[in-house]
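Scroll down for the structure; my scribbles are underneath it.
The values are calculated or read from the model by the stated rules, or taken from the named source; none is laboratory data. Quick caveat: nothing in here was measured; it's all calculated off a predicted structure. Here Cβ is always computed from backbone atoms with ideal geometry, including for glycine, and neighbour counts include all displayed protein chains. Note: accessible area is taken over every heavy atom of the protein model, side chains too, but ligands, DNA and RNA are not part of it. Shrake-Rupley method; radii C 1.70, N 1.55, O 1.52, S 1.80 Å.
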Amino acid sequence: MSLRKQFITRMLLILIMISILSGAIQGYILYLKINDDSKQQALIMAHSIEQGINETDLASKNIEHQIDLKLELHAKRIGDRLQGRQLANITSDDLVKLRDEIGVTGITLIAQQDNDYVNIRSTDPKDVGFGWKKVSPEAVASYEVILKDGKIPKDKVSYSADGIFTLFSAQSGSHTDKPQFFKYSYYHAPNTNYIINAYIESSEVYNFIQKVGTDTWIRNVLKENQYAKEIAILDPRVFADPSLGEKMYPPLKQVVNGEYLLRSDKDSAFLKQTTNQKPVETTYIEKINGHSLYKMFLPMDEGRVIYIALDYKKLSAPLYKYSFILITSGFISLLALFMLTANFFNKIYRNIQQIIIQIKKLESGDLTAKSSVTDGGGELSDLSDSTNKMANTLNQLLTDTHEKATKTDRLSVLLENEANQSVEKVFTMSMETTSNARDSIEEIYVFLSQVEEQLQSQSDNPKAKVILDKMDMMRSMADQRVHTTTEMTITLSDLFKSLHGQSSELSELSNSLLNQLAKFKLAR
């Protein structure tokens, strides 16, 4: 695999790895962000509803307390009007007159009979003869306490004093068209053996709650918050024991306020579990009927739980959109960086390839090879210029060498020819000179012999004797001259032979150099 393919492949793999890693990290951070935002949204709504419930409960308790005081006053007035009479002296008509006079809804007298507490007299004939022991043992215990002028614990009733207690407002089971609530007071008048049960209609609390109560708060929150699907106040006790919801009073229901339609088995299991341990804030994501929901269960006082279901898909859509834009822009940026890097590397790679091709041509002997690299005066451009200059320098050097080798070869050939001719000429001249010298020396020897013969005949002549003495010296000098001439001719002949050999060797060297230079491609 080429360097360019390796680089592009590695860059592409790095790009993919960075994209996957970045997407995974952003996805995880987005998941945490969505859950945190969902939790914050749910907590804001839950605290808003809880605050509304607390404010409504406080106001409704104040209203109910005023009704308690009013009902206490009515019960004591009834006791005063009865003037301590015994049950046998009181008729139902008397109770009806007192009801109309005092302005209560109804009056019932309860007394002990056959180990039970029974309604003896009442403004409503249907209530007469009703026994409480089988229906409400708690009520029987309460009657026994106030008959002794005792006091019922306040956590069990709406109002309590010595010999009297008032129950919380209870809904009438006989009015199904429109909910009606009644307030029941139980009073033991001094010196009597019966309990006065006076009750009045108390729809004020119900009407107040309808206007500014929990359901109104829930409706307002659902209206104002686009992400809320359901909000409800739940009673886990009824989920754990459904029989508690069958009692008329207290009115225990699974859904105390709001709507709880998107329920699941997981919800029921959690709500049942909270009755056995201290409830804690719980959140999870669940799909029900095609809806992706973020559910929160926030514990309240009195064992109730605030339930909130948010549209998780709608809540997370803006963040997913933002994340998609962020991931897309990041991927595009990485892709642009990859393309720019790949293009930059390709440009460098092409320039390097030009220099490599040039160097390979130089290796093969083509000194005319050039590379043209333009990278804005960078290192590769400098390298290309240096390589071109080196090629030019080598080309010029070898061109000059080739020219000089050619000239040397030409001169060596001429020198060899001339040396060859000079050797022949010198040899001829040497032979001729040697032959002439020998002929001359012989003639000189003959002449000297003749002179010597003449002078020997004149032995008395002193001059003749001097000349005879010099005759040997003349012969010796003549021999030496002939010998010297011969040696000079031979030496000169050897010199020209040596010159001929050296010119031949020089010619071979120049031819070898030209053959070596022929391997290079040179600019002419």
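What the table below lists for this structure:
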item	result
Selection status of residue 275, out of contact with any strand residue (DSSP E or B) (no Cβ under 8 Å at 6 or more places or on another chain), within 28 Å of residue 253 (Cα to Cα) and β-branched (Val, Ile, Thr)	yes
Filter result (of a type in the set (D, E, K, R), without any contact (Cβ under 8 Å) to a residue 24 or more places away in the chain and not in a helix (DSSP H, G or I)) within region 98-117	114
Failed item, numbered, when residue 111 is tested on (1) exposed (fewer than 15 other Cβ atoms within 10 Å of the Cβ); (2) of a type outside the set (S, T, N, Q); (3) at pLDDT 90 or above	(1)
Matching residues in region 61-97 - criterion: being assigned to a helix (DSSP H, G or I), open to solvent by 70 Å² or more (accessible area, probe 1.4 Å) and within 15 Å of residue 195 (Cβ to Cβ)	76
Options 362, 335, 398, 380; residue that is assigned to a helix (DSSP H, G or I), touching a residue at least 60 places away in the same chain (Cβ under 8 Å) and either farther than 29 Å from residue 510 by Cα or under 51 Å from the mean Cα position of the chain (by Cα) (or both)	335
Test for residue 378: is it open to solvent by less than 80 Å² (accessible area, probe 1.4 Å) and on the phi > 0 side of the Ramachandran plot	no
Count of region 119-173 residues which are more than 60 Å from the chain's Cα centre (by Cα) and either of a type outside the set (Gly, Ala, Ser) or open to solvent by 80 Å² or more (accessible area, probe 1.4 Å) (or both)	35
Residues that are surrounded by 13 or more Cβ atoms within 10 Å (Cβ to Cβ) and either among the basic types (Lys, Arg) or modelled with pLDDT of 80 or more (or both), drawn from region 392-402	392, 394, 395, 396, 399, 401
Which listed residue, of 328, 283, is under 26 Å from residue 37 (Cα atoms), touching a residue at least 24 places away in the same chain (Cβ under 8 Å), open to solvent by 40 Å² or more (accessible area, probe 1.4 Å) and under 36 Å from the mean Cα position of the chain (by Cα)	283
Residue 315 closer than 25 Å to residue 24 by Cα, open to solvent by 30 Å² or more (accessible area, probe 1.4 Å) and in a helix (DSSP H, G or I)	no
Residue selected from region 339-375 under the condition of a type in the set (A, V, I, L, M, F, W, C) and under 20 Å from residue 518 (Cα atoms), by the criterion most open to solvent (accessible area, probe 1.4 Å)	359
Residue check, residue 5 over 28 Å from residue 308 (Cβ atoms), of a type in the set (D, E, K, R), at pLDDT 80 or above and open to solvent by 90 Å² or more (accessible area, probe 1.4 Å)	no
Hits in region 319-340 - residues which are in contact with a helix residue (DSSP H, G or I) (Cβ under 6 Å, 6 or more places away or on another chain) and among the β-branched types (Val, Ile, Thr)	327
